[in-house]
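Have a look at the structure below, then the notes.
The values are calculated or read from the model by the stated rules, or taken from the named source; none is laboratory data. Given the structure is predicted, the values throughout are model-derived calculations rather than measurements. Ideal geometry is used to build each Cβ from the backbone, glycine not excepted, and the neighbour counts take in all protein chains shown.
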Amino acid sequence: MPVLPNRRYPQWSPPGTALVGPLPEEPEARREATVARLLELARVALAVIDADAARDCLLPASRIEISGDDFEYDTALCNALRRGLLRVERLSDLDVQSAVWWPRPDKPGMADLMLAGTEYTGQFSGWQKFPIAMPDAMRRAFDGEPGPVSSEDGRWSSVFVPLRDSLDDIVAVLELCVRHGGSSRKNGRPAAPECM
């Protein structure tokens, strides 16, 4: 039976991509399968993550930078958004890290990490690395297309997908990230299968 295209939950990964299960042994095939799995997870995440909360959780006074850490959040909306990120991280057997990025209106071409799931995503974020220049994959997501990207050293793969609010406006970008070659977590979660 053919699958009809859905505007809200587009098919970004190859048909039949699973969220769990064995990955190929060959390293390049394993990376490709991991990215396909991240794209499928991102499609499912669109139903789990509240994009309206992503749009509204940062209070208007905080949309212009005064200092690097001077942001004011609506706590209830941030908690709802973070719960969604944590749920998405648990839907796959990969050791997924998730984050929501928003564009800086006062700094064109720059983005800030709005909120992370369990921890910062490893490929583009980290302590005092904000705002960042938007990678091409993130820029594509803000333009409405998913953007997969791998680090130059091959240690990380990320996908960036647009988060659309109830008015169908792209208000933020979701990043799902996996570290190849083992887990980067220190929080006691079970070790993820190797993605290298």
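Show the residue pairs meeting these rules: Cβ distance below 7 Å; 6+ apart or different chains; first residue within the range 112-129 and under 21 Å from Cys57 (Cα atoms); second residue modelled with pLDDT under 80 and not in a loop (DSSP other than H, G, I, E, B).
Final answer for the pair search is Met114/Leu58.
Restricting attention to the range 44-59, and to residues there that are part of a helix (DSSP H, G or I) and in contact with a helix residue (DSSP H, G or I) (Cβ under 6 Å, 6 or more places away or on another chain), which single residue is surrounded by the most Cβ atoms within 10 Å (Cβ to Cβ)? Break it down into steps so the answer makes sense when it comes.
Filtering the range 44-59 down to residues part of a helix (DSSP H, G or I) leaves 44-48, 51-56.
This time we only want the ones that are in contact with a helix residue (DSSP H, G or I) (Cβ under 6 Å, 6 or more places away or on another chain), so: 45, 48, 53-54, 56.
Numbers: Ala45: 23, Val48: 14, Ala53: 24, Ala54: 27, Asp56: 17.
By that ranking, first place goes to Ala54.
Of everything in the range 96-136 that's in a loop (DSSP other than H, G, I, E, B) and of a type in the set (S, T, N, Q), which residue is modelled with the lowest pLDDT? Lay out the reasoning, then the answer.
Taking the range 96-136 as the starting set, the residues that turn out to be in a loop (DSSP other than H, G, I, E, B) are 96, 104-109, 117-131, 134-135.
Then drop every residue that is not of a type in the set (S, T, N, Q), which leaves 118, 121, 123, 125, 128.
On the way: Thr118: 86, Thr121: 71, Gln123: 71, Ser125: 68, Gln128: 64.
Here the answer is Gln128.
So which of Ala33, Ala45 ends up being under 19 Å from the mean Cα position of the chain (by Cα), over 19 Å from Leu163 (Cβ atoms) and at pLDDT 90 or above?
On the way: Ala45 fails: over 19 Å from Leu163 (Cβ atoms).
After ruling out the rest, the residue left standing is Ala33.
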